[in-house]
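Take a look at the structure set out below.
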Amino acid sequence: MKMQNSMDLSLKELVLARLDIMPPNFKLSVGDKGTFTKQELMYHVNEGDSIGVQVIEMQLNFIKALTTGKLIEAINKDE
């Protein structure tokens, strides 16, 4: 699935900006696809391939959880 419309491009830019500020040694596991370095993640997001789309979806879910308060609820639940 390739990303094509302007909304997809804006989301791609947002995720790329978020990845860009991560430390150089940042790594992220993406489901059963494996663990990827910051540079590899940025490559896949730029390509808009299945891994890149999954990374974008993960970032959007994180942002939604943060803005709705669900992230804080989950953190506080464990206290």
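In the set (i) 125; (ii) 109; (iii) 96, the label that goes with volume of the Cα convex hull per residue in Å³ computed for this structure is (ii).
GNM on the chain, alpha-carbon springs under 10 angstrom: the most fluctuating residue among 11, 19, 28 is 28. Relative to the dominant Cα principal axis of the chain, helix 38-47 is inclined by about 60°. Adding -39500 (n - 2.57) for every DSSP H run of four residues or longer, then dividing by how many residues the chain holds, sets the calculated 222 nm ellipticity at -21000 deg cm²/dmol.
Read the figures in this text as sums done on the coordinates, not as results from a lab. Computed from a prediction, not measured in an experiment: that's the story for all the values here.
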